[in-house]
């Protein structure tokens, strides 16, 4: 069993129809706003809601500010990226995937998942090794995005990207040392898998060598780099901008 903590993540899990065993809500929390909506959605879905002392919420929490509500759920169910490919086809959209190459911080993972959902990614690829899995911390940072995304935990990111390429996607890696700026990469408007590297070392050698293009986020300030979650969000926005025809 896993837990989803926080008002937005729990509400989005209910909206997405994720199976939930029960929801714990603090007795001291006023039943209005998001909490009232959670109770209503839970009642509609037939999910048990228990009002418990705030101390019980803190006891069950992983320490990520649960905001008076925790949902007990089964282990996160990963799905094949091919479901995302099919979904893009059904909507008549060019596929846009996000692949994370050894992103180990669950908060960065959650933030990237939130950006992926906001900017319309059809699937997210996570390596099964040397990468943060979907946990309560990641789900809290994702603010409910995990319930609306196709997320595939693959044995080998290199092989998965090769399969994506065979399915018609270009592979574009985000690299701070690349010559090309992200806003000059025409491939972002095509079927594409955008790859974001680890917090410390960036893209792995094999992913970097086999990418169809490498791009950097242009910067004008004095700092030498951006955090991985921010850089990934900027790149995803640029891909969405190109697909929307916005100049």
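What follows draws every value from the coordinates through simple rules; no lab data is involved. No experiment lies behind these values; they were computed from the predicted model shown. When we count neighbours, we look across all protein chains shown, and the Cβ atoms used for this are built from the backbone with ideal geometry, even at glycine.
Rounded to a whole number, what is D in µm²/s for segment 94-139 from Stokes-Einstein with the Kirkwood radius over alpha-carbon pairs (25 °C, 0.890 mPa s)? Each step should come with its number before you reach the end.
Values: Rh = 10.7 Å.
My calculation gives 229 µm²/s for D.
Taking every C-alpha pair closer than 8 Å and separated by at least 6 residues, the mean separation divided by the residue count of the chain gives a relative contact order of 20 percent.
Can you pull a Stokes-Einstein diffusion coefficient for segment 44-144 at 25 °C (0.890 mPa s), Rh from Kirkwood over Cα pairs, as a whole number of µm²/s? Don't jump to the answer; show the numbers that get you there.
On the way: Rh = 15.5 Å.
Calculated translational D: 158 µm²/s.
Considering only 15, 216, 43, the Gaussian network model of the chain with Cα springs below 10 Å gives its largest mean-square fluctuation to 43.
Calculate how large, on average over all directions, the projected area of the Cα convex hull of segment 63-201 is; give the answer in nm² to one decimal.
9.2
On the basis of the beta-carbon distance and an R0 of 25 Å, residue 82 and residue 212 show a calculated FRET efficiency of 0.80. Shape class of segment 131-247 from the Cα gyration tensor (axes a ≥ b ≥ c, square roots of the eigenvalues): rounded, since a/c falls below 1.5. Which one of 209, 117, 59 has the biggest mean-square fluctuation once the chain is modelled by GNM with Cα springs under 10 Å? Between 209, 117, 59, it is 59 that shows the largest mean-square fluctuation.
Within the listed set 206, 161, 100, the Gaussian network model of the chain (springs between alpha-carbon atoms below 10 Å) gives the highest mean-square fluctuation for 206.
What shape does segment 177-241 have by the C-alpha gyration tensor, where a ≥ b ≥ c are the square roots of the eigenvalues, rounded means a/c under 1.5, and otherwise prolate means a/b greater than b/c and oblate the rest? Let's see the in-between values first.
On the way: a/c = 1.58, a/b = 1.11, b/c = 1.42.
Judged from the Cα gyration tensor, segment 177-241 comes out oblate (a/c at least 1.5, b/c at or above a/b).
In segment 2-73 the Cα-Cα distances spread across 5 Å bins starting at 0 as 3, 19, 34, 28, 13, 2 percent of all pairs.
Between helix 106-118 and the chain there is an angle of about 80 degrees, using the helix long axis and the longest principal axis of the Cα atoms. For the chain, adding -39500 (n - 2.57) for each run of n ≥ 4 DSSP H residues and dividing by the number of residues yields -11000 deg cm²/dmol at 222 nm. Relative to the longest principal axis of the Cα atoms of the chain, the long axis of helix 34-45 lies at roughly 80 degrees.
Normalised size of the chain, defined as Cα radius of gyration per 2.2 N^0.38 Å with N residues, equals 1.07.
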